[in-house]
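Student: I have a structure here, written as structure tokens, and I will follow up with some questions on it.
The values are calculated or read from the model by the stated rules, or taken from the named source; none is laboratory data. Not measured: the values here are computed from a predicted model. Counting neighbours? That spans all protein chains shown, and the Cβs are built from the backbone with ideal geometry, glycine included. For accessibility, only protein heavy atoms count, side chains too; no ligands or nucleic acids. Shrake-Rupley method; radii C 1.70, N 1.55, O 1.52, S 1.80 Å.
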Amino acid sequence: MSATEPILYDFAVIRAVPHVHLGRFEPVGVVLHARTREFLALKALTDPAALRARLPDMDAELLARYLRSYEAVAAGDPSAGPVGLAPSSERFHWLTAPRSDVLQSSPIHEGLCDDPARAIERLFGMHVGG
């Protein structure tokens, strides 16, 4: 693959759902997987104060802990348990699997970039903000 060829990636927005039965959500992170570059990263709001400001009805400390565990899974951290040791594409699909829980994933979208690390920063700014 030449250095000038664009890199195909998949991404999803991680959403906090305060009341699952209502379906309302707040974007709190982005996960990006570029298989050909063996790149998987998840960027999330993990500051409890920022989470509390966006989601006043939720336990911000607990939500931050959940999001840090998602980051550990994406990073392949052994402390994330067996799923953290799986190949990056399995970890990506685990993070984006449909679930009826407080943390959910948007549908998976595709994109092209030159640098996946810059792409996740751009997507985070676009979908989650600061």
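Student: In whole Å, how far is the Cα centre of the stretch 81-130 from that of the stretch 29-65?
Tutor: 10 Å
Student: At most 11 other Cβ atoms within 10 Å and a DSSP loop assignment: could you name the GluC sites (Glu not before Pro) in the stretch 19-109 that fit?
Tutor: Loop-located and lightly packed - Glu38.
Student: Let me check against my output: what whole-number percent is the relative contact order of the chain, with C-alpha pairs under 8 Å and at least 6 apart?
Tutor: Taking the mean separation of contacting Cα pairs over the length of the chain, I get 34 percent.
Student: For the chain, which whole-number percentage of the solvent-accessible area (1.4 Å probe, protein heavy atoms only) is attributable to carbon and sulfur atoms?
Tutor: 54 percent
Student: Oh, and also: Using 7 Å Cα-to-Cβ label points, what is the Glu90/Glu5 separation (nm, one decimal)?
Tutor: My value for the distance between the label points is 2.7 nm.
Student: So, for the stretch 1-125, what is the accessible surface per residue at a probe of 1.4 Å, expressed in square angstrom?
Tutor: Ligands and nucleic acids excluded, the result is 54 Å² per residue.
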